[in-house]
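**Q** Take this structure first; my questions come after.
The values are calculated or read from the model by the stated rules, or taken from the named source; none is laboratory data. Because the structure is a prediction, the values reported are computed rather than measured. Please note: Cβ atoms are built from the backbone with ideal geometry, for glycine as well, and neighbour counts cover all protein chains shown.
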């Protein structure tokens, strides 16, 4: 497997690059729900619908103050090894035990958050039902870490750029896989029904479209007039 190699000048550089890409491509990253403190290990699991998901959880971990790591399919991490510098590590289905042991070691450290996409592949947002691989259940039992479900949605709300919405669930201990699936499914259904940003908190502010920039200029012009 390919381990994470966080830190150093390269880690700082790639982290800055990921943040820049996210802010340039979205109006913002918004959360609803409580992000727990990073004083104890945390096993985060999320739906996987988009190429951007890894960048989103990286920014989520930074904003929440977690020492974030993310499990990633080995063939993809081998293509984009720079992601190891910001906490990605690899998994292969035929040798998942090695990765589970590595993840357990990470979760023995205070402040670490390990992020999984337990579906094991990208699926369209809102596709039902969610079907998880068993690694989440096994790792939760092995590590004893707190678990946190997070639903991710990319949405356009009458603006040029989309917003990233993260619906944060309640922290829980190790549970049967079906219960984890049900918890995340409920969050996905909830964020799917959202029609605006009311009730969400801006975690990362992003770019503005042409119309929004023009409205701002007009507003300044009117104030000066």
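**Q** Could you tell me which numbered condition residue 45 fails, if it satisfies all but one of (1) at pLDDT below 95; (2) outside any helix (DSSP H, G or I)?
**A** (1)
**Q** Within the group 56, 91, 44, 114, which residue is more than 29 Å from residue 207 (Cβ to Cβ) and within 13 Å of the chain's Cα centre (by Cα)?
**A** The conditions single out 114.
**Q** May I ask you to verify whether residue 60 is surrounded by 14 or more Cβ atoms within 10 Å (Cβ to Cβ), within 25 Å of residue 190 (Cα to Cα) and out of contact with any strand residue (DSSP E or B) (no Cβ under 6 Å at 6 or more places or on another chain)?
**A** yes
**Q** Go through segment 156-180 and report how many residues are buried (at least 19 other Cβ atoms within 10 Å of the Cβ), outside any loop (DSSP other than H, G, I, E, B) and touching a helix residue (DSSP H, G or I) at 6+ places or on another chain (Cβ under 9 Å).
**A** 6
**Q** Let me ask something else. Would you mind stating whether residue 207 is at pLDDT below 95, in contact with a helix residue (DSSP H, G or I) (Cβ under 6 Å, 6 or more places away or on another chain) and surrounded by 14 or more Cβ atoms within 10 Å (Cβ to Cβ)?
**A** When the stated conditions are applied, residue 207 passes them.
**Q** Shifting gears a bit: Test each condition in (1) out of contact with any helix residue (DSSP H, G or I) (no Cβ under 9 Å at 6 or more places or on another chain); (2) surrounded by fewer than 22 Cβ atoms within 10 Å (Cβ to Cβ); (3) closer than 16 Å to residue 181 by Cα for residue 148 and report the one that comes out false.
**A** Only one criterion in (1) out of contact with any helix residue (DSSP H, G or I) (no Cβ under 9 Å at 6 or more places or on another chain); (2) surrounded by fewer than 22 Cβ atoms within 10 Å (Cβ to Cβ); (3) closer than 16 Å to residue 181 by Cα is unmet by residue 148, namely (2).
**Q** Right, something else. Please pick out the residue among 142, 187 that is free of Cβ contacts under 8 Å to residues at least 60 places away in the same chain, surrounded by 14 or more Cβ atoms within 10 Å (Cβ to Cβ), part of a helix (DSSP H, G or I) and in contact with a helix residue (DSSP H, G or I) (Cβ under 6 Å, 6 or more places away or on another chain).
**A** The conditions single out 142.
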